[in-house]
Amino acid sequence: MEVLKLEGVTVKFGGLVAVNNVDLTMNKGEILALIGPNGAGKTTLFNLLTGIYTPTSGRITFKQKEINAFKPYKRVEMGIARTFQNIRLIKSLTVLENVLVAHPECHSEGLFQSIFLTRAVKEKRKRIVEECMDVLRTVGLHAKVNELANNLPYGEQRLLEIARAMVTKCQLLLLDEPAAGMNSQEKQSLVDLIRLLSKKYEMEILLIEHDIRMVMSIADRVVVLDHGEKIAEGVGAEVQNNPKVIKAYLGEEIDENE
Amino acid sequence: MLSQQIINGITIGAIYALIALGYTMVYGILKIVNFAHGDIFMMGTFFGLFILKYFNAPFFLAFILSALFTALLGMVVERLAYRPLRFTDRIVPLISAMGVSIFLVNLAQLVWGTETHPFPKVFPIKTYTFNGMTISSIQILILVLSVILMIGLHLFVTKTRIGTAMRATSMSITNAKLMGINTNFIIAITFAVGSALAAAAGILVGIYYDAVYPTMGYTAGLKAFTAAVLGGIGNIPGAMAGGLLLGITENLGAAYISSQYRDAIAFIILIVVLMVKPTGIFGKKEINKV
Amino acid sequence: MKSTRLLKIVAALLILALPLWLRNEYMLHIAISIGIYIMLALSLNTIVGYAGQFALGHAAFYGIGSYVTALLLLNTDLSFWLVLPIAGLVTGLFGFILGSPVIRLRGDYLGIVTLGFGEIIRLIFVNWVDVTRGPMGLPGIRSPELFGYTFTSSADFYYLVLVLVAITVLVIYRVVHSGMGLSLLTVREDEVVAESIGIRPTKYKLIAFTMGALFAGVAGAFYATYISFISPDSFLYTDSVMILAMVVLGGMASVTGSILGAIVLVVTPELLRFASDYRMMLVGLAIVLMMVFKPQGFWGESRRKRNFYGKELADKPQKSAAAVSDSNSAT
């Protein structure tokens, strides 16, 4: 079953076509990797999905609903969450608070509930914290809840971003280069985590990643973008051996040399 | 009647433009609003008043001297209250600027008292009438001097080495530094030039309205800032155009809508422009990159 | 722990009994002023410190609250206890109306617009003579009555302001120490992130704006009935700047900070009375020096209580941090 569908999605900034006529579908429970050279439009595509940009033309459908004009927060409510390529945590908040603030019931608490702070509200807060702790446990950060997000090592900051996205109770998780800056051991546990999330929550995961080995080991399917266009799509090796893909990554000359 | 209002509007608009240049130049480089600029303008006016009154200096000497003193004051303020804060959160220099503003107003009150001073009569007032509209010698003086100063500034910024360095610094302080530009010096010069222009405007205001008082910088500063925003803050020709536009609109508004709410008209324009096109009428659109 | 608790009780008793041991009208007046400015600083801190909106026209909200109160007390028979919430709500409404278009502006622009708004409000006070009597002001504002007892002495007003301050502190403290507070801090730091986790920045900024205006209005309502005479001169740009200085000197996004800031900036000029002519100059200088040497204020955000939301739970894991992280790395 299709959860996400892009039909002829194009976005232009002035004269620049950042994403050109891209078609894409994601099925229930799928892990899809988005690869391509720098500047191929991968992050722009994420921004289109999360509503930071709206497409110049084309259609984005999520859960059978067109979401082209939906605001970012609305898409989060519908179940799309993301992480950022350049880590964007709230520096002055602790690990737990960074996750808490993404919890839908945490930021929707009514003013009067906050002011009168009845027993019921306290109970609810306790439950929210408990849920957040569960997610933090899943990513392995539960021992660091009192640290400021800023003081975490790089790899853990990436995990915290994933936890924050998870807490929104998303159906579709967008990971923008989640392994960047991680060592091979951290990468391995990240791969395990992504598999776990996919299985445990039956969610769809779309990830941008440069590490081809990781992509091949984790993704059900791979989509390749270059200059804003989709140039290939398929399973593991068939994409890797696609001449267009090789050309996009290594340039024209390689053909002559080989 | 209409053309008369427009002439009056251009006169006051030219003055707004001179003050607005100081806001816009500083913003262009440091990306901060120098909230104390209005009070630097006030100090410049008092310097001019003081030199004319107590030393009986000839007008143009007084004009140049007070511009020099005010330039110096601007540099001192930059050195003490802004430079140490250059790499902090943007709100910090703003608060510091308010501290400077409070300091200068109270300093002026201490030295010159809280009362309103008349400005020495340096020019005989003559009025010329043609086609039913009148223009005074003072208005002509204001227009001529402002045009000269604006052309001078334009040449300074586009034709001199320091001006070029200034434009480079406003594009990127880091890059300018890498090109061997002494950015601290350039920033100090920017403050100096902006303050000198404010002093010039101050003297012209003194002559035109014949009233000088320590809190005069507040409204004038706010109006000039409006002019800078109208023209797109950071944009030098924009500030000039914005000043004229504000002066004219305000005068027409005072004549045809309500003179009591003359000042309110300027602020309403400010709010509307910021709502509709925050980059100003001549400003470029900023692209939000995520 | 116990000694700080004792300290708190002693402080509370001293504050409660202040009119008994401070039998001096002038001193009581200063204490009442501190109360007014605590409300103003705290309400502005919600906007500036927590929501990160650089608002410069707080005196306008203070003025609106005062004028609404004065006009209602002078022209109607309504009881002060009814007028007070009305003044707060009307001012809050003004905050909402001003806020809805302007909160999309960034940083300094918002500052200037709110400054302009403050000036427009003042011009209305000055020029709408039929209603406000212009620069002559509104004299003879009624004092509050409670069960037939009329508030007259400074001590009466002291207790009134104490109650109002307590309510303000409690409400603002609870709000900023809730999910709403976390959301505000997130919006302040990074709006893109806020949106990406389902928070609407404009909604939160607007709530902060409205709430800030509302409590400034309450402070204004108290001021009008306490002083019994108001004029446009009581709500100048310099008042806005002073309130902002309290917030910043005390420490942004800190309830304790605003209270400290208000105390320091009300008391310092009084202590400087011997240098009467220089005192505002010194205040200006102090603000600059503070920004240069200690921009985070007396009681900055770094002292914020961490993980206030669900405190009990969050504390637990830290104790066994080592053990837990071991078992985790094994999985």
Qualifying residue in region C:200-210 (condition: in contact with a Lys or Arg (Cβ under 8 Å, 6 or more places away or on another chain) and more than 8 Å from chain A (Cβ to nearest Cβ)): yes
Selection count where residues are of a type outside the set (A, V, I, L, M, F, W, C) and out of contact with any Asp or Glu (no Cβ under 9 Å at 6 or more places or on another chain), scope region B:102-116: 4
Wholly enclosed helices (runs of 4 or more DSSP H) of region B:199-290 bearing at least 1 residues more than 12 Å from every other protein chain (Cβ to nearest Cβ) and of a type in the set (D, E, K, R): B:236-256
A:L136 vs. criteria in contact with a helix residue (DSSP H, G or I) (Cβ under 7 Å, 6 or more places away or on another chain) and assigned to a helix (DSSP H, G or I): yes
Region A:73-110: number of residues that are surrounded by 23 or more Cβ atoms within 10 Å (Cβ to Cβ), within 7 Å of chain C (Cβ to nearest Cβ) and in a helix (DSSP H, G or I): 6
Residue within region C:190-197 that is touching a strand residue (DSSP E or B) at 6+ places or on another chain (Cβ under 8 Å) and within 8 Å of another protein chain (Cβ to nearest Cβ) present: yes
Output for region C:214-225, where each listed residue is at pLDDT 95 or above and hydroxyl-bearing (S, T, Y): C:Y223
Check on A:A143, crowded, with 21+ Cβ neighbours inside 10 Å, among the aliphatic types (A, V, I, L, M) and in contact with a strand residue (DSSP E or B) (Cβ under 9 Å, 6 or more places away or on another chain): no
Selection within region A:8-32 - assigned to a strand (DSSP E or B), touching a strand residue (DSSP E or B) at 6+ places or on another chain (Cβ under 8 Å) and open to solvent by 70 Å² or more (accessible area, probe 1.4 Å): A:K12, A:N21, A:D23
Helices (runs of 4 or more DSSP H) enclosed by region A:141-218 - at least 1 residues per element that are at the interface with another protein chain (Cβ under 10 Å from one of its Cβ atoms) and either touching a Gly at 6+ places or on another chain (Cβ under 6 Å) or within 22 Å of A:H103 (Cα to Cα) (or both): A:154-167, A:184-200
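Residue-wise test of (1) in contact with a Phe, Trp or Tyr (Cβ under 8 Å, 6 or more places away or on another chain); (2) more than 14 Å from every other protein chain (Cβ to nearest Cβ); (3) not in a helix (DSSP H, G or I).
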| residue | (1), (2), (3) |
| --- | --- |
| C:L78 | no, yes, yes |
| C:A87 | no, yes, no |
| C:G92 | no, no, no |
| C:F96 | yes, no, no |
| C:G118 | yes, no, no |
| C:I124 | no, no, no |
Region C:137-155 - residue that is assigned to a strand (DSSP E or B) and free of Cβ contacts under 8 Å to residues at least 24 places away in the same chain and, of those, farthest from C:F229 (Cα to Cα): C:Y149
Any hit, region B:260-272, residues being farther than 23 Å from C:L98 by Cα and either open to solvent by less than 40 Å² (accessible area, probe 1.4 Å) or modelled with pLDDT under 85 (or both): no
Top-ranked residue in region B:93-114 [being open to solvent by less than 20 Å² (accessible area, probe 1.4 Å) and of a type in the set (S, T, N, Q); ranked as farthest from the other protein chains (Cβ to nearest Cβ)]: B:S101
Index of the failed condition, A:Q113 passing every other in (1) of a type outside the set (V, I, T); (2) touching a residue at least 40 places away in the same chain (Cβ under 8 Å); (3) at the interface with chain C (Cβ under 9 Å from one of its Cβ atoms): (2)
Pairs with Cβ under 6 Å, 6+ apart, first in region C:95-106 and in contact (Cβ under 8 Å) with a residue 40 or more places away in the chain, second of a type in the set (S, T, N, Q) and surrounded by 22 or more Cβ atoms within 10 Å (Cβ to Cβ): C:G95/C:T210; C:F96/C:T210
Residues satisfying the stated conditions in region A:45-72, i.e. open to solvent by 50 Å² or more (accessible area, probe 1.4 Å) and small (G, A, S): A:S57, A:A69
Helices (runs of 4 or more DSSP H) wholly inside region B:1-87 that include at least 3 residues being without any contact (Cβ under 8 Å) to a residue 60 or more places away in the chain: B:37-55, B:59-77
Filtered residue count, region C:230-287, keeping only those that are farther than 30 Å from C:L74 by Cα, open to solvent by 20 Å² or more (accessible area, probe 1.4 Å) and of a type in the set (A, V, I, L, M): 13
Pair list, Cβ under 6 Å, 6 or more apart: region A:90-102 residue in contact (Cβ under 8 Å) with a residue 24 or more places away in the chain, other residue charged (D, E, K, R): A:I90/C:E189; A:T94/C:R306; A:V95/A:K144; A:V95/A:E147; A:N98/A:R164; A:V99/A:R164; A:A102/A:R164
Unmet criterion (only one of (1) under 18 Å from the mean Cα position of the chain (by Cα); (2) of a type outside the set (F, W, Y); (3) surrounded by fewer than 18 Cβ atoms within 10 Å (Cβ to Cβ); (4) at the interface with another protein chain (Cβ under 10 Å from one of its Cβ atoms)) for B:R90: (1)
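The values are calculated or read from the model by the stated rules, or taken from the named source; none is laboratory data. Just so it is clear, the structure is predicted and the values come from calculations on it, not from any experiment. As a convention, Cβ positions derive from the backbone with ideal geometry for all residues, glycine included, and neighbour counts pool all protein chains shown. With ligands, DNA and RNA removed, areas are computed over all heavy atoms of the protein, side chains included. Shrake-Rupley method; radii C 1.70, N 1.55, O 1.52, S 1.80 Å.
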